[in-house]
Ligand code: DAH
């Protein structure tokens with residue numbers, strides 16, 4: 001019986017000694033050893049003549065034969081195919097379909113911001129912007145918040161260590177000052193963008209968030225204009241039927257107010273979002289303080305105006321019925337993908 005083992009060992013040595021030099025030789029190799037009528041198949045069929053106590057050894061030998069032959073065949077096949085492609089020269093097939101490029105989607109905060117901008121541009125506002133690394137003058141002093149003013153405490157500020165007087169803007173209001181310094185009324189702008197505060201314990205739970213600022217300066221602008229503008233916005237943005245203006249304080253407006261929109265408490269979501277009151281606070285606003293106009297070179301005897309500033313994240317939560325603000329910052333694509341259809 002040992003001659004069948006010897007024969008198999010011989011075939012194994014033969015396989016390992018072979019080196020087909022091209023695709024035709026490789027095919028001959030395949031037929032000779034791995035083909036349905038090949039040598040390995042023939043040797044396998046001898047299994048039934050092998051005594052039981054040696055079947056195991058024979059089986060292992062067969063496996064080695066097969067593996068060695070297949071490995072050699074597959075490796076050489078790849079080599080010869082690559083060679084053939086290179087030789088063809090025109091390996092670049094211009095008619096082949098392209099690699100699909102995965103498309104991203106807009107972040108819900110960006111979508112919400114775009115919607116706000118779109119509503120105000122329809123009312124004749126144009127978009128203005130300013131730097132995120134701002135100077136003290138525009139962020140605070142021009143906005144009627146001098147250095148010793150307690151209102152500065154309301155906005156815990158990141159200062160730039162090696163550039164005294166520079167900071168990360170704490171609100172979009174400095175864009176107001178920048179616009180007014182550079183042109184005369186009529187002024188009708190909105191300024192969307194990022195703002196920064198060191199408020200790790202607040203509900204925002206994040207040092208960076210987004211606001212949209214609005215400013216309207218002309219002759220004879222009144223609080224009624226402010227109220228109507230905001231009501232229109234609340235209707236367009238949320239389908240809200242009512243707004244509420246609560247007296248408040250901001251250094252750069254007088255009088256100042258905070259605006260709530262009426263969502264009601266009909267649904268559990270609205271109940272939760274409004275903490276059971278039906279009202280959702282959206283923004284701060286007021287009539288631009290004459291001192292701010294003067295700081296920025298605008299005649300406060302001739303002109304008046306209103307301003308407002310709103311956070312975007314909370315509006316995004318409302319718009320998309322997102323239950324937790326942290327989801328907006330985690331950037332988990334499984335979450336973000338849900339907004340792929342939104343513009
Ligand atoms: N800048 C204020 C803040 O971030 C929001 C604000 C309130 C802006 C009243 C305004 C305004 O323009 O008139 O808290």
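Read-outs throughout are calculated quantities, based only on the coordinates presented, and are distinct from any laboratory measurement. Fair warning: this is a prediction, and the values are worked out from it, not measured in the lab. Backbone-built Cβ (ideal geometry, glycine too); neighbour counts: all protein chains shown.
Key figures for this structure:
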{"item": "Normalised contact order of the chain, rounded percent, pairs of Cα under 8 Å and 6 or more residues apart", "result": "15 percent"}
{"item": "Kirkwood hydrodynamic radius of the stretch 216-306, from inverse mean 1/r over distinct Cα pairs, in Å", "result": "14.2 Å"}
{"item": "Largest to smallest principal axis extent of the C-alpha atoms in the stretch 86-129, angstrom", "result": "64, 20, 19"}
{"item": "Once the Cα gyration tensor of the stretch 282-343 is diagonalised, semi-axes √(5λ) in Å", "result": "40, 11, 10"}
{"item": "Debye log10 I(q)/I(0) at q = 0.17, 0.30 Å⁻¹ for the stretch 38-94, Cα point scatterers", "result": "-0.65, -1.12"}
{"item": "Extension gain, residue 335 back to residue 320 (0.36 nm per residue minus Cα-Cα distance, nm)", "result": "4.2 nm"}
{"item": "Ranked list, fewest to most other Cβ atoms within 10 Å of each Cβ, for 243, 190", "result": "243, 190"}
{"item": "Packing-based exposure ordering (other Cβ within 10 Å, fewest first) of 79, 11", "result": "79, 11"}
{"item": "D_trans [Stokes-Einstein, Kirkwood Rh over alpha-carbon pairs] for the stretch 234-274, 20 °C, 1.002 mPa s, µm² s⁻¹", "result": "184 µm²/s"}
{"item": "Isotropic mean projected area of the C-alpha convex hull, the stretch 2-91 (nm²)", "result": "6.1 nm²"}
{"item": "Isotropic mean projected area of the C-alpha convex hull, the stretch 19-149 (nm²)", "result": "23.5 nm²"}
{"item": "Over the chain - Rg/Rh using Cα atoms and the Kirkwood inverse-distance radius", "result": "1.42"}
{"item": "Added length on full extension, which subtracts the Cα-Cα distance from 0.36 nm per residue, residue 154 to residue 198", "result": "14.8 nm"}
{"item": "Percentage relative contact order, the stretch 119-256, counting C-alpha pairs under 8 Å, at least six apart", "result": "24 percent"}
{"item": "Cα-based equivalent ellipsoid of the stretch 98-193: semi-axis lengths in Å, sorted from largest, via gyration tensor", "result": "30, 21, 12"}
{"item": "Shape box of the stretch 117-263 [Cα atoms, principal axes, largest first, Å]", "result": "47, 38, 27"}
{"item": "Computed helical MRE - 222 nm, the chain, DSSP H runs ≥ 4 contributing -39500 (n - 2.57), nearest 500", "result": "-12000 deg cm²/dmol"}
{"item": "Scaled radius of gyration (Cα, divided by 2.2 N^0.38 Å) that the stretch 184-343 gives", "result": "1.15"}
